[in-house]
Amino acid sequence: MTVLAKPEVSVVIPVYNEEAGLANLFARLYPALDGLGMPYEIVFVNDGSRDRSVSILAEQYRQRPDVTRVVLFNGNYGQHMAILAGFEQTRGQIVVTLDADLQNPPEEIHKLIAKMREGYDYVGSIRRKRQDSAWRTVASKAMNRLRERITNIHITDQGNMLRAYGRNVIDLVNQCGEVNTFVPALAYKFARRPTEIVVEHEERAAGESKYSLYSLIRLNFDLMTGFSLVPLQFFSMLGMAMSLLSALLVIVLLLRRLFVGSEANGVFTLFAIAFFFMGVILFGIGLVGEYVGRIYQQVRARPRYVVATVLQGMPDDKDDDGSVEKREVAR
Ligand code: UDP
Ligand code: MG
């Protein structure tokens, strides 16, 4: 197998049912990286797409085997698992992540790299003008603020994957066996000198968002519970305050019963209060469940994802079997 030049920059891109947009992505990504004037590699990770994405990626790999590698999952493990699998394959000193849908313009990559060259080991980015639906923008602003407060992770624009990481950060991330995680936050934990820059943002070029409201909520639970115990602790504080208050209420009602007589008209108020507490309790159980669920997943220690194939090296080389790795690898 021909030994490829060791890349300085590795670009990791998760791909899930992106057949409509991949051609456009290639048309802009490769020239942008060629223009950097330094050796690079692009690692596409196909996250179990059910459309033609795999054959489009394979064709692209055939066109540019010198700089392209493709990791194929055997199923859908989620965007963050795909990025982690990509990280395992990277060799560059600088690793850049971006989305396949062209919401992160490839022409912005050089800005991240210039910033990394100044000695930072984590360059996040803030979208200058967000091109997302109004509710997405509002919801993610609110989540950003909440996360800032409870996790000590300072990421201004969490929903944005256009980021660069140093080799030191990537090596540490590769040692983590986290199951539910949020890559930018995990990497932030290991960064010695993080910074952020402002980048352009575009509308999704083709296809549609892979995130439903439901999966966005799930993702935010991953972020909150994966990096902070505050939700759990906040709840025990709330629980304590609540039980004090309800104890007071019991005393007041008892005294009233003894000295004023029982009150029939207050029944509905009591109902309201009881329902309120039931809600609180349910929420508390749910929150505990969030953590227990994660502990359960972690202790099972199942493979987080399964790589079916990695397309890499020169496909035309017949001299050994190194071009395509055939066995399934579970990580
Ligand atoms: N993605 C993935 N697996 C998934 C969902 C999404 O690999 O289960 C990829 C998707 O192909 C894209 C990136 O993650 O490259 C971001 O997805 P999307 O653009 O749908 O998210 P949004 O921009 O709406 O947050
Ligand atoms: Mg997108």
For residue 91 and residue 198, what does the FRET efficiency come to when R0 = 45 Å and r is the distance between their Cβ atoms, rounded to the nearest 0.05?
0.95
May I ask you to compute the full-extension gain from residue 129 to residue 253, defined as 0.36 nm times their residue separation minus their alpha-carbon distance, rounded to one decimal in nm?
39.0 nm
Distance violations [Cα-Cα > 24 Å] among 141/210; 129/210; 141/189; 115/189; 6/115; 111/210
111/210
What spacing in nm lies between the two simple spin-label points modelled at residue 306 and residue 74, each 7 Å away from Cα in the Cβ direction?
0.2 nm
Using 0.36 nm times the number of residues separating residue 55 and residue 168, minus their current alpha carbon distance, what extension gain do you get?
37.3 nm
Quick check on the exposure proxy: order 221, 73 from fewest to most C-beta atoms within 10 angstrom.
221, 73
Divide by every residue of the chain the summed helix terms, -39500 (n - 2.57) for each DSSP H run of at least 4, and state the resulting mean residue ellipticity at 222 nm, rounded to the nearest 500 deg cm²/dmol.
-16000 deg cm²/dmol
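Anything in the chain that counts as a DSSP H helix reaching 30 Å or more along its axis (C-alpha) with Kyte-Doolittle mean of at least 0.0? List them, would you? Display every interim value, and only then the final one.
Values: long enough: 230-259 (43 Å, 1.86); 267-300 (48 Å, 1.41).
For the chain, where a helix must reach 30 Å along its axis and average at least 0.0, the hits are 230-259, 267-300.
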Inter-label distance, nm, simple model (7 Å from Cα along the C-beta direction), residue 295/residue 260:
4.5 nm
Label-to-label distance, nm, for residues given as residue 241 and residue 62 (7 Å Cα→Cβ offset)
6.4 nm
Sparse-neighbourhood loop hits (trypsin sites (Lys or Arg not before Pro), the range 1-90; DSSP loop; Cβ within 10 Å at most 13 others) -> 50
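A short reminder: the numbers here are calculations on the coordinates, not readings from a lab. Fair warning: this is a prediction, and the values are worked out from it, not measured in the lab. With ideal geometry, Cβ positions are generated from the backbone for all residues, glycine too; neighbour counts draw on all protein chains shown.
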